[in-house]
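I have placed the structure first, in the form of structure tokens, so that the comments after it can refer back to it.
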Amino acid sequence: MTLLGAKQIRELATALDLKPSKSLGQNFVIDSNICTKIVRTAHVTSDDVALEIGPGLGSLTLALLEIAASVVAVEIDDRLARQLPITVSENFGSPENLTVIHQDALTLQNLPMDPTVLVANLPYNVSVPVLLHLLEKFPTLRTGIVMVQAEVADRLAASPSTKEYGIPSVKAAWWADVKGAGAVSRSVFWPAPNVDSKLVAFTRRPTPGDEILRKKVFTIIDAAFAQRRKMLRAALSGLYGSSAAAEAILIKAGIDPTLRGEALEISSFCAIASVAPDNY
Ligand code: SAM
């Protein structure tokens, strides 16, 4: 098995006449050591069905195939989706453990196999919506590692009452424990991005409620952070009709109405949703 390095990635791109697309976040990993490290950090085992979003030219896919029972790779770019099984058969031997799906990851509703682990160098402009979508749609994903823009990684893993804490932190916390898993040098990519990257690890945990509660909670989170500097009673006034109505709900939930959303953990947002009316 040969993992892909800088030379092979450039040759593949030339053969495909590929000009990396900025809007699709096409920064390809050219250092096979980082791919091996990601797969190791994700604790992928031979029992795993690995889900990879945006396999690109296949750097990470090959490292995953080395360990996982199978890999399901979802790629939006038609040329890359068509090339991937060819690259795998040339460098790995047989593409039979690989399923390539040519689709926008944000529209995925089901997969041919239940994925157990997510391992992906996510396209940066859609990394948070993709991660939240996958956590929602694929409950068999028990763990994962994603590479994202450094600031996004910090937001996903942030604790309450920090400047990084916001919508991605609380929504991700509904589904999973999320932790930073290290920085990645710009030099491992071609083309080198003009932002830094970090790895984020998640481990799924039981959700604090059902889908009805989650939708209420997510609406409250959106409202609380839309006006981040406002106290909760003001930030939620639009949702509940008035600041007095919002204050009454917050007091019933045991939350100080003068706090800001950024002070609340996911459990406090759940407490608000549990006492708030359904039909707002
Ligand atoms: N995994 C490869 C690597 O590490 O070298 C490529 C990672 S690159 C940062 C992101 C990849 O995601 C690209 O191949 C891009 O075409 C693909 N992509 C972008 N938007 C996507 C989407 N909405 N759904 C699926 N794939 C997407």
Practice item. Determine if the stretch 216-226 includes at least one residue that is under 28 Å from the mean Cα position of the chain (by Cα), open to solvent by 60 Å² or more (accessible area, probe 1.4 Å) and not aromatic (Phe, Trp, Tyr). Key: yes
Review point. Scanning for something in contact with a strand residue (DSSP E or B) (Cβ under 7 Å, 6 or more places away or on another chain), open to solvent by 20 Å² or more (accessible area, probe 1.4 Å) and farther than 22 Å from residue 130 by Cβ, does the stretch 20-28 turn up at least one residue?
Key: no
Point to revise | Test: residue in the stretch 191-204 that is over 30 Å from residue 119 (Cβ atoms), open to solvent by 30 Å² or more (accessible area, probe 1.4 Å) and polar (S, T, N, Q) | key: no
Review point. Assuming residue 17 fulfils every condition listed in (1) under 23 Å from residue 102 (Cα atoms); (2) in contact with a strand residue (DSSP E or B) (Cβ under 9 Å, 6 or more places away or on another chain); (3) more than 10 Å from the ligand (Cβ to nearest atom); (4) among the charged types (D, E, K, R) apart from one, which condition is it?
Key: (2)
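Quick check on the stretch 33-51: of everything there that is out of contact with any strand residue (DSSP E or B) (no Cβ under 9 Å at 6 or more places or on another chain) and within 25 Å of residue 128 (Cα to Cα), which residue is farthest from the ligand (Cβ to nearest atom)? If you could, list the steps in order and put the result at the bottom.
Residues of the stretch 33-51 that are out of contact with any strand residue (DSSP E or B) (no Cβ under 9 Å at 6 or more places or on another chain), as a first pass: 33, 36, 40, 46-47.
If we keep only those that are within 25 Å of residue 128 (Cα to Cα) as well, we get 36, 40.
Values: 36: 13, 40: 16 Å.
By that ranking, first place goes to 40.
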Practice item. Please verify whether the stretch 169-181 includes one or more residues that are free of Cβ contacts under 8 Å to residues at least 24 places away in the same chain and open to solvent by less than 60 Å² (accessible area, probe 1.4 Å). Key: yes
Practice item. Tell me, please, whether a residue that is assigned to a helix (DSSP H, G or I), touching a helix residue (DSSP H, G or I) at 6+ places or on another chain (Cβ under 9 Å) and modelled with pLDDT of 95 or more can be found in the stretch 48-59. Key: yes
Review point. Across the stretch 80-103, which residue is nearest to the chain's Cα centre (by Cα) among those that are assigned to a loop (DSSP other than H, G, I, E, B) and away from the ligand (no atom under 14 Å from the Cβ)?
Key: 92
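The values are calculated or read from the model by the stated rules, or taken from the named source; none is laboratory data. In this text the structure is predicted, and so the values were computed from the model without any measurement. As a convention, Cβ positions derive from the backbone with ideal geometry for all residues, glycine included, and neighbour counts pool all protein chains shown. Keep in mind that these areas ignore ligands, DNA and RNA; they rest on the heavy atoms of the full protein, side chains included. Shrake-Rupley method; radii C 1.70, N 1.55, O 1.52, S 1.80 Å.
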